[in-house]
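This report concerns only the one structure given below.
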Amino acid sequence: MRLYKKRNDIQGFITHLQDKKQEIGFVPTMGALHAGHISLIRTARQQSDFTVCSIFVNPTQFNDPKDLQKYPRTIEKDLYLLEQHGCDAVFYPEVAEVYPPGSGPAPHYDLGRLESILEGAYRPGHFQGVADVVSRLFYTIHPDKVFFGQKDLQQCRVIERLIAGNPDFDKIRMNIVPTLREPDGLAMSSRNTRLSPEELRKAPEIYQTLLYLKEQLAPGDLAPLQETAKTRLTREGFRPDYVSIVDTQTLETCGSWNGHTPLTGLVAAYLGEVRLIDNLELV
Ligand code: AMP
């Protein structure tokens, strides 16, 4: 497995791959890798000639400085895992390599309503940071296919919009990989390592709540169901930011359901100091 820390170095190698007509699959991550990330790598390997993973804890997408400071960093283990699972190259840059000093302010990305709903409402600036770093990584790696997790569904919609809105990204094909869960239903996440043993026992309740939404879903007004689900989480000791049933494509809240539109349930909730998110296709 090749390890690159400099943009120019990996770009030189990418040009060489392109000359050889190799299709490049790209998996951006912030490290602290777990089986969910590895399933993205596995999918990328199946669908591309050459798989590149980036590991970069992007400071501009953290709206809470404490969250950035406490973000787990396990680079040695990450590199070992990636090598074990057949990743071909890793891009592991320093902050100054991605944001060269003097390169000026980031452009503003038009993300439409995605910026103000759900995660956008609770994490101001987060998706601008995501759009900027992913855009910089796309310009470096020039991928043919990119792989993102359904776990971060709103992020997937942001990336789809980023790709659609920039002719330089025309050739990029977006792939959304299903959420990998622990046997108890808890969605795998780097942040789970910050949960205490007791919190880890409670955390699967988020998935149970999503299953409850799926079971109880019926045409008509969805507000009471969302409220009941939120109360249920609060009773279990969570501090929910939202429990929302939304149109799967636009992510707009569905007030009254016609019984046909595809819907997804999304949850964001604090357990102690850790903010967890998850979602489930309901229909
Ligand atoms: P992160 O390192 O948390 O930024 O995640 C990097 C990529 O892995 C993103 O596309 C995530 O959506 C994806 N991912 C994170 N957790 C999971 C999971 N449990 N299952 C599948 N993909 C995941």
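State whether one or more residues within segment 33-42 are more than 25 Å from A131 (Cβ to Cβ), within 16 Å of the ligand (Cβ to nearest atom) and in contact with a His (Cβ under 9 Å, 6 or more places away or on another chain).
Yes.
Can you tell me which residues in segment 192-238 are among the charged types (D, E, K, R) and farther than 25 Å from T253 by Cβ?
Quick first cut of segment 192-238, residues among the charged types (D, E, K, R) only: 194, 198-199, 201-202, 205, 214-215, 221, 227, 230, 232, 235-236.
The answer is R194, E198, E199, R201, K202.
For segment 133-152, which residues satisfy the criterion of being β-branched (V, I, T) and within 13 Å of the ligand (Cβ to nearest atom)?
Residues satisfying the conditions are V133, V134, V146.
Only one residue in V158, V146 is crowded, with 20+ Cβ neighbours inside 10 Å, touching a residue at least 24 places away in the same chain (Cβ under 8 Å) and in a strand (DSSP E or B). Which one?
Going through V158, V146 in turn, the sole match is V146.
Could you please find all residues in segment 161-189 being open to solvent by less than 70 Å² (accessible area, probe 1.4 Å), closer than 28 Å to G112 by Cβ and within 16 Å of the ligand (Cβ to nearest atom)?
L162, I163, I172, M174, N175, I176, V177, T179, A187, S189, listed by residue number.
Out of the residues in segment 1-32 meeting the condition of being within 16 Å of the ligand (Cβ to nearest atom) and in a loop (DSSP other than H, G, I, E, B), tell me which one is most open to solvent (accessible area, probe 1.4 Å). I'd like the intermediate steps shown before the answer.
Step one: filter segment 1-32 for residues within 16 Å of the ligand (Cβ to nearest atom), giving 25-32.
Keeping just the survivors that are in a loop (DSSP other than H, G, I, E, B) gives 30-32.
Numbers: M30: 36, G31: 1, A32: 13 Å².
Among them, the one singled out is M30.
Need the failing condition index for D132 against (1) in contact (Cβ under 8 Å) with a residue 60 or more places away in the chain; (2) open to solvent by 40 Å² or more (accessible area, probe 1.4 Å); (3) not hydroxyl-bearing (S, T, Y), just the number.
(2)
Based on this model, can you work out whether P224 counts as open to solvent by 50 Å² or more (accessible area, probe 1.4 Å), of a type outside the set (A, V, I, L, M, F, W, C) and not in a loop (DSSP other than H, G, I, E, B)?
For P224, the condition - open to solvent by 50 Å² or more (accessible area, probe 1.4 Å), of a type outside the set (A, V, I, L, M, F, W, C) and not in a loop (DSSP other than H, G, I, E, B) - is met.
The values are calculated or read from the model by the stated rules, or taken from the named source; none is laboratory data. A quick note: this is a predicted structure, and the numbers were derived from the prediction, not measured. Note that we place each Cβ from the backbone using ideal geometry, even for glycine, and neighbour counts take in every protein chain shown. Surface areas here come from the heavy atoms of the whole protein model, side chains and all, with no ligands, DNA or RNA. Shrake-Rupley method; radii C 1.70, N 1.55, O 1.52, S 1.80 Å.
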